[in-house]
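Beneath this line is the structure, given in structure tokens, with notes to follow.
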Amino acid sequence: MPIQSVNDFVVRFANVNGSGSASANELFARSVLRMGIPVAPRNIFPSNIQGLPTWYEVRISEAGHLGARGGTDLMIAMNPQTWDKDVAGIEPGGYLLYDSTKPMVKSKFRDDITVIGVPLTAICNREYSDPRQRQLFKNIVYVGALSALLDMDVGEMEKLIGEQYKGKEKLFDANKHALHLGRDWVMMNLDHPIGLRLKRADAVGDRIFIEGNSAAALGAVYGGATVCAWYPITPSSSLAEAFTRHCQRMRVDPATKKNKFAIIQAEDELASIGIVIGAAWNGSRAFTATSGPGISLMQEFLGLAYFAEIPAVIFDVQRAGPSTGMPTRTQQTDIISCAYASHGDTKHVLLFPEDPAEAFEFGAAAFDLADRLQTPIFVMLDLDIGMNHRLARPLIWDDTRKLDRGKVMSAAALEAGKEFGRYLDVDGDGIPYRTYPGTHPTKGSFFTRGTSRDRYARYTEEGPAYADNMQRLLRKFETAKDLVPRPLQANADKPTKYGVIYFGSTSPAMDEAIDLLEADGHALDRLRVRAFPFHSSVTSFIGEHDFVFVVEQNRDAQLRSLVVNECNIDPVRLVPILHYDGTPITARFIARAIADRLDALKVTPLRKVVS
Amino acid sequence: MTYVAKPKFHHPDLPKNELGFVHRDYEGAVSTLCAGCGHDSISASIIEACFELSIAPHRVAKLSGIGCSSKTPTYFLGNSHGFNSVHGRMPSVLTGANLANRDLIYLGVSGDGDSASIGFGQFAHAIRRGVDMVYIVENNGVYGLTKGQFSATADAGSKSKRGVVNTDNAIDLVGIALQVGATFVARSFSGDKTQLTPLIKAAIEHRGAAFIDVISPCVAFNNHAGSTKSFDYVREHNESVNRLDFITGRTPIKVDYEPGSVELVMQHDGSTLALRKLDSDYDVHDRLAAMSFLQHHAAKGQVVTGLLYVAPEPQDLHAHLNTVDAPLNTLADKELCPGSAVLDKFNASLR
């Protein structure tokens, strides 16, 4: 029985990298959005520019589920290389759209799916003589075919094409024509629409469609960053590139045409973080964007920044490691390497945004926190939220908000005779005052070093002075617990002994998993951790439950280790739920894994079994 | 090692510079390097240069990496902010500092291990970007702090104190600096203060990447027969191409040398260098000729010193990046944060 569904299904495009499919697929996703139906697209792409398989998955969900679901209801199979796997991946009762120009043997299909053949190559060959056009427009032709098969609003599609080719009439006409070639062919030759349909809805609201990397970069603009140093690495390059774009639009002095920013593509990640540290030491807000291998390279410098107390912001867009790992696949796998980055005793502040809206918010807040705490701040994104378009609440900014530059002693304060000790804890919060270089001719200068020093920044190797400083750094870390974004708790309708902790990009899948679990009669309280060091509410949440599941996208349960270690929790009470094959975690996976363990934890009373 | 404070009092009649500072205002803590170390002579030249140029001490930022040479910023300019960063990475930290505030003078102090071995990449990249700085390498061809291992500037065939012969080829940092586009390149000798101090002054006045390689013999591990970085060896093989007699700021130039023996070099910032030529064939503006001159003399075992190259119209990184004139670290909230109206428009473009 073919699947029947309105506004709730998964479409997957199987393409060849470099064939120009990306913009056509995005046109499809945006068209659905314009019909008022939420979509969550995901690029599944190889580390390659041309020739390898690539997929674009569009989850359509009027209910607003934005996490990956798993399974495919409609496959657009445009890549012969992956045909068998793609056909096998279709849900029973699902649909397959393929290029029927060349006949296929029956054994290449399945009996339990609906096969839809459209002679895409033939249509294009008839229409175009230029081989490049034949290739490129084929993508638009299949989107046109989909518009008829799924009963889409073709007017919205034309409008989108119009916006994309504004001022380029010829391109607009050509694309519109290609769209109708596919649409008209289906209308003349096939039964349509199929069992999967799109119906105009009003479920998108004022939400925006944005990649996390772009939002995080905009956060850096709003957070007052002026220096960015980076080295290209997937999946973080687009963050630095977005910062460049945003700055060119928002940070060029209108009168002089000069830049209120400096961006350096450095020779490596060591230089990137070095430039950031130098700029931050000198009173500019500075950041780098990188991924796991870059974090590894920055370790020595991060220890210096921790010990010398330099504000620095690091956007870590995580991918699967170790080593080169799977550079184009998502994971939450740098938690430990960032939390304890570097040699010696170090601890760092981490922020875990769940989506682009929080990437923007935390991206801006990171600079205030860095200046306030005088320490590196890591914004932990991942490929799933960084490089995919995600529906998110609109970005907001309060115009009364002031950038918090932290404890900086001014020339006037020095002149007035205020005592200055670079590492002197005057307020009991572990945070000392600093001066920017060049502040005062005779007062307030100090020597910054990675070697130990006394409270007045004078070199010393005396044990008590070293220990005193290390203790103050711990006090500062305690202060951080109340400054970083708090965890968000959501309780089940009825009291429960079970809780779940999750963070970052797992969010939408987790929300949906809770619905699935509740439908099965399971009750779970939820805590979304948004930062490290952990707020005291993390410990109390665990204390209130017998068992707490910790859901994360890595092999070694890294956040769980951090909770065990930093909150002194008995590991037995924290049950790891781990997903780490490089695909985004799904609601189905979480719900199944938690349900299995809940069933195992439920001890059936002996009497019941006997009777 | 302990921190030793110098007494603050000084004789009331000590000479003052234009800003009213005395020599002592440019000094730092007492050096903890070995007695007779060439590096201390370089520190003295830096102090001398800053005093004579009447630079406000707090307008200098001194940055270094790790090693004996990188410890020296503690021993000069005590009223300047200093940053002893990580091994071989001073150039990136200095680059960032320079981006944040283009109004300060950046003095990078490094050694041959720091710049030619572990930090060779950062050395080259900071220079090729044209960071406005004075980059001094205190070059002794040896690792002092870890007790006498060869560094990458040790000449092939030179002998360590323990008698080991170095078989690796040497990196000539001056050659590399010329190749990657330093706009001011000089070499000097820590034992020749009259040559070194004016070179440092000229480098400070230079608006661009200024590099000075200073041969600075290590009295503990590299001052023996068989070393090519010892006092005796350098004195015997020094081939000085010119001598900078003075550098004026924006004051009128008075030159009373014989006609033809002095070349006046105008710097971009309006200052002038008076260059007394010792080798009549040498042209400080010809980068290619300088590179070949160096190679030619190196083959003869000679160490060429003096001002080797200066670009008449240098550009720095801020010019390349087209940054605003005000230091980036002084920009206020309203200049940095585009505000909610811009954000609303941005949101609208994403629907």
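Quick notes on this one:
- Some residue of the range B:214-232 being assigned to a helix (DSSP H, G or I), modelled with pLDDT of 90 or more, within 30 Å of B:His318 (Cα to Cα) and among the β-branched types (Val, Ile, Thr): no
- Those strands (runs of 3 or more DSSP E) of the range A:191-273 in which 2 or more residues are touching a residue at least 40 places away in the same chain (Cβ under 8 Å) occupy A:208-211, A:227-230.
- Within the range B:302-351, the set of residues being small (Gly, Ala, Ser) and either at the interface with chain A (Cβ under 8 Å from one of its Cβ atoms) or in contact with a helix residue (DSSP H, G or I) (Cβ under 6 Å, 6 or more places away or on another chain) (or both) comprises B:Gly339, B:Ser340.
- If you go through the range B:119-170 and keep only what is of a type in the set (Phe, Trp, Tyr) and over 30 Å from B:Leu99 (Cβ atoms), you end up with B:Tyr143, B:Phe150.
Rundown of residues vs (1) over 30 Å from A:Gly283 (Cα atoms); (2) of a type in the set (A, V, I, L, M, F, W, C); (3) under 17 Å from the mean Cα position of the chain (by Cα), yes/no style:
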position	(1), (2), (3)
B:Asp103	no, no, no
B:Gln122	no, no, yes
B:Arg129	no, no, yes
B:Ala156	yes, yes, no
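- Counting only helices (runs of 4 or more DSSP H) that fall entirely inside the range B:1-116 and contain at least 1 residues that are acidic (Asp, Glu), the qualifying elements are B:38-52.
- Against the list (1) over 19 Å from A:Ser238 (Cβ atoms); (2) surrounded by fewer than 24 Cβ atoms within 10 Å (Cβ to Cβ); (3) touching a Gly at 6+ places or on another chain (Cβ under 9 Å), the condition A:Pro293 fails is (1).
- On inspection, B:Arg276 does not qualify as within 14 Å of chain A (Cβ to nearest Cβ), on the phi < 0 side of the Ramachandran plot and modelled with pLDDT under 95.
- For B:His87, the conditions (1) surrounded by 24 or more Cβ atoms within 10 Å (Cβ to Cβ); (2) within 20 Å of B:Asp213 (Cβ to Cβ) all hold with the exception of (1).
- When restricted to residues that are at the interface with another protein chain (Cβ under 7 Å from one of its Cβ atoms) and touching a strand residue (DSSP E or B) at 6+ places or on another chain (Cβ under 8 Å), the range A:253-263 contains 5.
- Taking the criterion of being crowded, with 21+ Cβ neighbours inside 10 Å, more than 10 Å from chain B (Cβ to nearest Cβ) and among the β-branched types (Val, Ile, Thr), the only residue of the range A:424-461 that qualifies is A:Ile431.
- One residue from A:Phe301, A:Phe307 being within 14 Å of chain B (Cβ to nearest Cβ) and farther than 28 Å from B:Arg128 by Cα: A:Phe307
- B:Gly65 being touching a Ser or Thr at 6+ places or on another chain (Cβ under 6 Å), more than 9 Å from every other protein chain (Cβ to nearest Cβ) and closer than 25 Å to B:Arg128 by Cα: yes
- The helices (runs of 4 or more DSSP H) located wholly in the range A:492-611 that include 1 or more residues which are charged (D, E, K, R) and within 21 Å of A:Arg59 (Cβ to Cβ) occupy A:507-519, A:587-601.
- Any hit, the range A:387-407, residues being more than 13 Å from every other protein chain (Cβ to nearest Cβ), buried (at least 17 other Cβ atoms within 10 Å of the Cβ) and within 30 Å of A:Val39 (Cα to Cα): yes
- Flag for A:Gly417 being exposed (fewer than 15 other Cβ atoms within 10 Å of the Cβ), among the small types (Gly, Ala, Ser) and more than 14 Å from chain B (Cβ to nearest Cβ): yes
- Test result for B:Thr153, crowded, with 20+ Cβ neighbours inside 10 Å and over 24 Å from B:Lys300 (Cβ atoms): no
- Taken together, the residues in the range B:44-62 that are in contact with a strand residue (DSSP E or B) (Cβ under 6 Å, 6 or more places away or on another chain) and more than 14 Å from chain A (Cβ to nearest Cβ) amount to 2.
- When each of B:Gly130, B:Gly82, B:Gly121, B:Gly88 is tested for being in contact with an Asp or Glu (Cβ under 7 Å, 6 or more places away or on another chain), at the interface with chain A (Cβ under 7 Å from one of its Cβ atoms) and modelled with pLDDT of 95 or more, the lone residue that passes is B:Gly121.
- A:Ala280 meets each of the listed conditions (1) at the interface with chain B (Cβ under 8 Å from one of its Cβ atoms); (2) free of Cβ contacts under 8 Å to residues at least 12 places away in the same chain apart from (2).
The values are calculated or read from the model by the stated rules, or taken from the named source; none is laboratory data. Just so it is clear, the model here is predicted, and its values are computed rather than measured. Neighbour counts are summed over all protein chains in view; Cβ atoms, including those assigned to glycine, are modelled from backbone coordinates with ideal geometry.
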